[in-house]
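Read-outs throughout are calculated quantities, based only on the coordinates presented, and are distinct from any laboratory measurement. For clarity, every value in this text was computed on a predicted model and none was experimentally measured. Here Cβ is always computed from backbone atoms with ideal geometry, including for glycine, and neighbour counts include all displayed protein chains.
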Ligand code: ADP
Ligand code: MG
């Protein structure tokens, strides 16, 4: 399913502190958008608004022309997956169990896990290179390994749109490139729409087809990596 996101005049405040002001942005199906900007510029807050974890103070976010607040939580979770910046495991699950939790938007449709769920989970673990970790406890993993597990969880969710908040932050250079190549491949081959906050401007320019640069809660520049 092709999913487009339209953000109109979005403002967001934590209490009295306005963190995002008048953001206008369109995500088209098949886009690969990198969001860059200094610490504290509002990147994570923007992504959380797009995932409906936060509600805009003013303005609107539309998913396929319907207000994001009009979607049921599980309905939205079948369209948009988020890998958060500081994803903390709540419990010491085994890796495979964590990835299985990515299937939660579909649980109304089945009782015990079905073949499609197992396929999605195995594929996601395989793609992200964490199949060999599947029986390990989450708490025993390194930051980078854990990051790949949470990406696997999001891929198992099988959404047309994937939002990622600094997905390569804890990874070694080689793994950073590998992960971005994986996302690029999914974007090109499977039309997965990717919106990724990235701290490394070089990597962001190399892998995104569009860049949005935030500064103090406003869009400071946008366009192709060359233009920005
Ligand atoms: P970025 O991801 O670009 O580093 P954030 O979106 O995390 O920026 O934060 C933007 C601003 O909002 C920062 O000044 C930060 O301190 C503030 N902020 C973030 N989360 C909260 C919160 N839960 N409560 C209050 N202020 C917050
Ligand atoms: Mg952030």
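Structure data summary
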quantity: At R0 = 25 Å, FRET efficiency that the Cβ-Cβ distance of residue 8 and residue 209 yields, to 0.05; calculated: 0.65
quantity: Degrees, to the nearest 10: 173-190 long Cα axis against longest axis of the chain; calculated: 80 degrees
quantity: Shape of the stretch 89-212, Cα gyration tensor, a/c cut at 1.5; calculated: oblate
quantity: Cβ-Cβ FRET estimate between residue 226 and residue 53, R0 fixed at 41 Å, reported to 0.05; calculated: 0.80
quantity: Over the stretch 20-166, equivalent-ellipsoid semi-axes from the Cα gyration tensor in Å; calculated: 28, 19, 13
quantity: Distance between modelled label sites at residue 101 and residue 189, nm, 7 Å Cα→Cβ extension; calculated: 2.8 nm
quantity: Additional length obtainable on full extension of the chain from residue 218 to residue 62, 0.36 nm per residue less Cα span; calculated: 54.2 nm
quantity: Cβ-Cβ FRET estimate between residue 142 and residue 17, R0 fixed at 35 Å, reported to 0.05; calculated: 0.55
quantity: Label-reachable residues, the stretch 32-49, where backbone N falls under 16 Å from a point 7 Å from residue 69's Cα toward its Cβ; calculated: 49
quantity: Taking 205, 140 and counting other C-beta atoms within 10 Å, the order from fewest to most; calculated: 140, 205
quantity: With Cα atoms, 0 to 90° folded angle of helix 143-156 axis to the chain main axis; calculated: 90 degrees
